[in-house]
1. Can you find a residue that is assigned to a loop (DSSP other than H, G, I, E, B), in contact (Cβ under 8 Å) with a residue 60 or more places away in the chain, at positive phi and surrounded by fewer than 16 Cβ atoms within 10 Å (Cβ to Cβ) anywhere in segment 152-168?
2. Taking into account only those residues within segment 188-208 that are of a type in the set (V, I, T) and modelled with pLDDT of 95 or more, which is surrounded by the fewest Cβ atoms within 10 Å (Cβ to Cβ)?
3. One residue is enough: does segment 301-319 have a residue meeting the conditions surrounded by 15 or more Cβ atoms within 10 Å (Cβ to Cβ), in contact (Cβ under 8 Å) with a residue 40 or more places away in the chain, more than 28 Å from E145 (Cα to Cα) and hydroxyl-bearing (S, T, Y)?
4. Give segment 309-331 a look and list any residue that's part of a helix (DSSP H, G or I) and out of contact with any Leu (no Cβ under 7 Å at 6 or more places or on another chain), or say none.
5. Which condition breaks for L247 when tested against (1) touching a Pro at 6+ places or on another chain (Cβ under 9 Å); (2) at pLDDT 90 or above?
6. Take segment 324-337 and flag every residue that is surrounded by 11 or more Cβ atoms within 10 Å (Cβ to Cβ) and over 17 Å from Y102 (Cβ atoms).
7. Applying the selection to segment 101-149, what residues are crowded, with 19+ Cβ neighbours inside 10 Å, touching a Ser or Thr at 6+ places or on another chain (Cβ under 7 Å) and under 17 Å from D211 (Cα atoms)?
8. Condition first: outside any strand (DSSP E or B) and touching a residue at least 60 places away in the same chain (Cβ under 8 Å). Now tell me which residues in segment 247-263 satisfy that.
Amino acid sequence: MCFAHSHIPHKDHFVHRRVEPRFACVRMGSHFLSDNQSILSDDPMERLFSSSPSLLQKRRQPYIQGKPPKEDRRKKKQNVIEQRLQSNLIDSKYRMLNELLYTTSGEEAYKYFSENQKDFQDYHEGYRLQIAKWPVKPVEVVIQELEENTKLHGGIVCDLGCGDGGIFEHFRDAGAIREQADKKVKKGEFLFESIKSFDLVAAKPFVQVADMSKLPLKDGTSNVNVFCLSLMGTNYLEFLLESHRTLKKGGYLVISEVLSRFRSLKLFVTLIKTLGYKLLKHSKPNSFFVFLLFRKVSTNTITPSSMITIPRQFIDPLKQSDDFVSFMRGKPLDYSNFSQFLLKPCVYKKR
């Protein structure tokens with residue numbers, strides 16, 4: 001082979017290029033990251049962030065940090081499982097105690113929780129978890145009514161079955177209770193003279209322990225009586241009769257109750273009217289509960305023994321009801337059994 005015409009380039013023909021020094025790189029997964037900020041990655045996003053070292057560092061941070069250690073992930077998962085189990089235990093005990101309150105008389109519930117006060121605390125812990133899921137809470141609707149309805153202002157409010165005493169605490173913290181402030185301040189400067197809270201166990205120091213069918217109050221003491229999710233005993237009719245006794249003529253009865261409990265809301269309202277009340281307001285703030293406001297218009301003394309014969313206005317609408325016939329089978333047709341039929345207990349399915 002002839003090389004006569006082959007050209008051998010002169011050394012001056014070579015282009016001298018600057019050789020960049022080698023830089024240490026750290027491998028993270030399939031990514032090689034330079035420890036020198038001046039070297040740009042092939043990643044177009046890093047080129048975009050290259051003018052800002054802080055943004056570039058945030059861009060690279062996930063690769064640098066990597067996943068948490070396996071042991072930390074295991075502990076985190078174990079904590080989640082333990083919290084879930086604890087929540088399930090609280091929920092289960094709440095359901096059991098809730099069913100107990102609905103299926104026993106007020107006197108029986110009073111005796112049970114007097115001997116098992118820790119169960120009362122557990123019940124309300126579960127109650128708070130349940131009610132937190134509701135978009136609108138019944139006690140908030142009651143508080144709003146007490147604040148905005150001027151006809152309810154000026155006197156004594158009795159919260160019957162108060163639980164944590166949310167109504168009292170709200171108005172106490174707002175400085176709206178005269179009894180909790182300076183006695184020299186004029187009466188008209190407060191919304192209420194006092195707010196009395198009653199329940200089976202004193203969850204807070206201001207709560208008075210009582211059976212709702214035997215309140216430690218004189219006749220005609222209160223201006224407003226509130227039952228907020230607390231018509232729970234099999235003898236809840238006696239709670240309403242006791243409320244009628246302690247309420248002044250012209251006073252107000254507030255009821256906020258779970259909507260699914262009513263077999264007939266219309267007949268329940270008629271029952272309350274029979275006790276000597278006039279319906280003023282009826283609303284359903286959401287699909288969970290109903291709000292009712294009544295005014296006491298009769299001072300006639302009503303006792304459980306005087307409520308024997310049920311008017312036809314109650315019976316006639318239910319003659320064709322299989323549920324009513326089944327419920328009343330073998331039971332005397334009196335107000336006590338009839339009231340139990342109208343307002344169902346919350347009984348949970350066995351799991």
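1. There is at least one residue in segment 152-168 that is assigned to a loop (DSSP other than H, G, I, E, B), in contact (Cβ under 8 Å) with a residue 60 or more places away in the chain, at positive phi and surrounded by fewer than 16 Cβ atoms within 10 Å (Cβ to Cβ).
2. Taking the candidates together, the pick is V207.
3. Scanning segment 301-319, I find no residue that is surrounded by 15 or more Cβ atoms within 10 Å (Cβ to Cβ), in contact (Cβ under 8 Å) with a residue 40 or more places away in the chain, more than 28 Å from E145 (Cα to Cα) and hydroxyl-bearing (S, T, Y), so the answer is no.
4. Matches in segment 309-331: R312, Q313, I315, D316, L318, D322, D323, V325, S326, F327, M328.
5. (1)
6. Passing the criteria: F324, V325, M328, K331, L333, D334, Y335.
7. G106
8. Passing the criteria: S260, R261, R263.
The values are calculated or read from the model by the stated rules, or taken from the named source; none is laboratory data. Since this is a predicted model, take the numbers as computed values, not measurements. When we count neighbours, we look across all protein chains shown, and the Cβ atoms used for this are built from the backbone with ideal geometry, even at glycine.
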